[in-house]
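Worksheet: the structure to be examined is printed underneath.
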Amino acid sequence: MMQSVKKYLRSGRGGKASALPEMQRQEPVDPPALPMARYDKLSAAQVCSHLSGLPATDLIKLGHHERTNQNRVVVLADIDALLGNEPWPGYDGLDVDGVRFGLDGAARDRFVKVLAYELAHQNRAGVVLAAQQKSA
C-alpha cells in the first residue's frame, strides 16, 4: 500500500506535497464555563456543599465535567441524586429489605450512590444505616 502511494506521488499525478491544500488553523475552543469558580481546585466535600442550590442544567454540566476529569464517586453520586437518577433501575419501588439485598456484596461505589440518593429523596433510616457501612 505504501509503495503504491509513493509511486503515485512520483508519477506527478499526485502533485507535490506543497501543492496540497493547507489546513486552516483552528482556534482552541474554550470549555463551557462551570457554575462554580475554581471548581477543579475544590475538594469533593466543598463541591458537594454547593450542589443543592444549582439548577439541573448546571448539575448536568458539572456531572459531565466531573466524569471526564476527576471522576470523584462522592461528587457524581450527589449530582445523580439531585438529578433524581436512581442508583439502579427499579430502586424507588424497593422497600428497605430490597435495597439491603441490592447492597449485599456490592462495591463501595454503589453504597455511596445509595446513600446520596436516599438522603436526597426517601431518607429511610434502615437504608441510610445500611449504606453508611461501606460508604465512609
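Length available on full extension from Ala107 to Ala37: 0.36 nm per residue minus the Cα-Cα distance, which gives 22.0 nm.
Find the Rg to Rh ratio for segment 40-135, where Rh is the Kirkwood radius over alpha-carbon pairs and Rg uses the same atoms.
On the way: Rg = 13.2 Å, Rh = 13.6 Å.
Looking at segment 40-135, the ratio lands at 0.97.
For the pair His50 and Ala125, what calculated FRET efficiency results from E = 1/(1 + (r/R0)^6), where r is the Cβ-Cβ distance and R0 = 35 Å, to the nearest 0.05? Don't skip to the end; give the middle numbers.
Working: r = 27 Å, r/R0 = 0.76.
Using R0 = 35 Å, I get an efficiency of 0.85.
Bear in mind that the values in this text are calculations on the coordinates, not laboratory data. Just so it is clear, the structure is predicted and the values come from calculations on it, not from any experiment. In this analysis, Cβ positions are derived from the backbone assuming ideal geometry, glycine residues included, and neighbour counts consider all displayed protein chains.
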